[in-house]
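Single-structure report; data block below.
Just so it is clear, none of the values below were taken in a lab; they were calculated from the coordinates. It should be emphasised that the depicted structure is a prediction, and the values quoted were computed from it without experimental measurement. Backbone-built Cβ (ideal geometry, glycine too); neighbour counts: all protein chains shown.
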């Protein structure tokens, strides 16, 4: 990408073609993310993209950036480390409902509390795709799978409500089949100063025969169309997220709060660029304390 | 009589101030020009429970505990009950009689008893029971024949920050301690031979030295989760890192901590974590990830007695196999083991340089008996510490398409590019990948990349910290050991050699890659080889056997009760098995 021209989504494509099942919602997520980055004109070298494990985690290999495809459930701590070491980077993490809400649930809650300036995309297909269709933390109760032949005995986890309770500063939900809206949500999330979460309803066309594109179309609504809804009202956001029935899409909550980097009083110069040989005075002062 | 070594134990209840008093005594010994080693034996709780603090001072640096305790300052009966058998014949006890009387059955006739109502004097004469410890210190110093001026100077230094009133109170407490000794017409039990004071010596914990070493080595990012006995390092870094532009994160668990440092190191910061057994177990998966992603990280293991919760405040060397073998799949890794406080500093610096030059995880393995013990130490010249970052592309740009993150290399190390550098975009995948980073399960590629990574173990051989040979190089009797056992083994060696029984001791400082060549040449010609370690199963001995094969002359000297070796526990089995006692009378 040359600095002279306006970037397009193609500038964020890798030579490796994306490899999900035909019709998978994850294609929509990837495409929206590329468009959002192009719109924000963030150079690929300044993007650190950290993904978890599962079908969704494969997205790390499909975005032209400094990509990190680590251990299952650990995308957020890695992303936090990257951001703190170099706050000049745009840091984005992505993963599925299993990666973020099951094995990585502890990190999810604590990253929300810290509020680092990172964007987290949760690709929610309500099933475990890569291991062939077991129930996930967001699967409906009663969902019949190979590991829950009598129906899923667990209640689904409400990830966004959990995040709101933990002190989230930006919550949005999109639908993989609504590309324009999804680009707008991702753009706002990346621009948000703090930890921004975009949960994307991303249907699994192979294993989840319950939460299909058609099912979502019947069950979602745009929260912006609700009379008088203000995404700055925490109580209203909690109500919208926890009310039984239709699933709200759009920006559900946002607030401004100092980031983790601010609260750690990180210097403007990224830690990764510090001169490591310039602290002789500090070292000598420390040594004196042990005399 | 003048002594060259003195070991004093302060025993009481957790939280009663024994540790502060012990620290003051340690500082006083240091002012006397002596070498100091301290050992804390405390339960895993904050208040209550028997605790004791041992301070050993002598002319020889880097020793550990002595064979026996010379002086016991017992603040309660439990301290006497628990430790009276550890006193050497001719030693002395200061016992606080304020609330308990001493039963006759405990009154060993071969030690001297000094019984004073310390707490009552503190309350009645000084109005503050809390200064009981300082009164005990004054009494001990008088009985040990320590220069009263040095005692007062140190008390002033210790309490200076709390204001003149507190300083005065404690100085009066010292007076009171000396007075009770004088009133009892007790003569000094012994006189420590003071040494010329060496300027420039410091006194710090092994953990302080590790943290300081990391800082000077350029560590600017630490993530950790509090765990005994590693917490000191997290606290130290939390205090000092912001001052040099770095940051510390107290993570939600060890999984987060290790993954955070992977992220920070990937982005270009020198990063580390510090943990102990249970936390190390949680970090295992990410260590494999660091190996395959070729990310330089430093992981400090402050080993304690396991398994599971084990004994959190007690020492052991059973984490060795975990550090060397843990994880599914195979990665190159390094395990370094300091044996002194100075080495704790130096090997931590080495760990950062090796990690970055060879792009792999490096462990620094220490144990509770070293990392939570204070010693007098002379650190290396801080200005001369080298920061070697290896093949790093931290600025400029590279040509996209030409640059390959995992490019083949003779030494196994490919140039590492940092995020932000134009053209260097790539995928760092825990899945097997090709030189460009693209995920690949191709058989030939797998073989090539596996060999590339593992080749580092060979190419780094010459740069790893070498073992140190102590004692007589061609002696018939040989000892192999590492870590906190360096002190007691070195003392056992000095004593045996001094008694006419030549002994050689190989102190290992790199435990992985295992120094096969050094082991092989060290055991050559030995009639007996003793492997000294704090494990039940003989983890180090098994590694040595892996190099030297079945050998009748190999003997294990093992201790796994959570306490460090005393030199006599190493001397005794050697004398017994080699019949060295028939050759010379070994003085203890």
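Give me D for the stretch B:32-178 in µm² s⁻¹, whole number, from Stokes-Einstein with Rh from the Kirkwood sum over alpha-carbon pairs, 37 °C and 0.692 mPa s.
The Stokes-Einstein estimate is 200 µm²/s.
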key: In degrees, nearest ten, helix B:539-548 long axis to first principal axis of chain B (Cα)   = 60
message = I'm a student and want to see the number: the projected area of the Cα convex hull of the stretch B:468-583, averaged over all directions, in nm².
response = 6.5
task = Restricting to chain B, compute how many DSSP beta bridges are antiparallel as a %, nearest 5.
result = 35
key: 5 Å-binned pair-distance histogram of chain A (Cα, whole percent)   = 1, 6, 12, 16, 18, 16, 12, 8, 4, 3, 2, 2, 1, 0, 0
key: At R0 = 22 Å, FRET efficiency that the Cβ-Cβ distance of residue A:165 and residue A:244 yields, to 0.05   = 0.80
message = Let me check against my output: what whole-number percent is the relative contact order of the stretch A:9-266, with C-alpha pairs under 8 Å and at least 6 apart?
response = 19
note = Here the FRET efficiency for residue A:6 versus residue A:285, based on Cβ atoms and R0 = 56 Å and rounded to 0.05, is 0.65
inquiry  = Quick check of the Kirkwood formula: for the stretch B:391-465, what is the inverse mean of 1/r over all pairs of different Cα atoms, in Å?
reply    = 13.3
key: GNM flexibility winner over chain A from A:277, A:193, A:257 (Cα, springs under 10 Å)   = A:277
inquiry  = With bins 20 Å wide starting at 0, give me the P(r) of chain B over every alpha carbon pair, in whole percents.
reply    = 20, 48, 26, 6, 0
Where only C-alpha atoms are counted, convex hull volume of the stretch B:372-418 per residue in Å³ = 170
query = Using the C-alpha atoms of the stretch B:293-354, what convex hull volume per residue, in cubic angstrom, is computed?
reply = 101
request  = Rank the residues A:204, A:264 as a footprinting-exposure proxy: fewest other Cβ atoms within 10 Å of their Cβ go first.
outcome  = A:264, A:204
message = Under the rule a/c < 1.5 gives rounded, and otherwise a/b versus b/c splits prolate from oblate, where does the stretch B:326-397 land using the Cα gyration tensor?
response = oblate
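Quick one: B:426, B:185, fewest Cβ neighbours within 10 Å first, how do they rank?
B:185, B:426
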request  = Return a whole-number percent for the relative contact order of the stretch B:391-465, with Cα pairs under 8 Å and 6 or more residues apart as the contact set.
outcome  = 30
Rg over Rh [alpha-carbon atoms, Kirkwood Rh] for the stretch B:8-84 = 0.97
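If we count other beta carbons within 10 Å of each Cβ, what is the order of B:378, B:275, A:111, fewest first?
Values: B:378 12, B:275 25, A:111 28.
If I rank by nearby Cβ atoms, fewest first, I get B:378, B:275, A:111.
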inquiry  = Return the equivalent ellipsoid semi-axes of the stretch B:203-384 as a descending list in whole Å, where each equals the square root of 5 times an eigenvalue of the C-alpha gyration tensor.
reply    = 21, 20, 15
key: Volume per residue that the Cα convex hull of the stretch B:182-270 spans, once the total is divided by residue count, Å³   = 172
ask   = In whole Å, what three semi-axes, largest first, describe the equivalent ellipsoid of the protein assembly as shown built from its Cα gyration tensor (square root of 5 times each eigenvalue)?
value = 57, 32, 24
query = How much of the calculated P(r) for the stretch A:65-219 lies past 23 Å, in percent of all Cα pairs?
reply = 37
inquiry  = With n ≥ 4 as the cut-off for DSSP H runs, can you work out [θ] at 222 nm for the protein assembly as shown, using -39500 (n - 2.57) per run divided by the number of residues, rounded to the nearest 500?
reply    = -10500 deg cm²/dmol
ask   = With contacts defined as alpha carbon pairs under 8 Å and 6 or more residues apart, what's the relative contact order of chain B in percent?
value = 12
task = Just the number, please: percent antiparallel of the DSSP beta bridges in chain A, rounded to the nearest 5.
result = 20
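Residue by residue through A:277-286, how many Cβ atoms from other chains fall within 10 Å of the Cβ on average?
The mean count of partner-chain Cβ atoms within 10 Å per residue comes to 5.
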query = Can you give the Rg to Rh ratio of the stretch B:110-230, both from alpha-carbon atoms, with Rh computed by the Kirkwood formula?
reply = 1.11
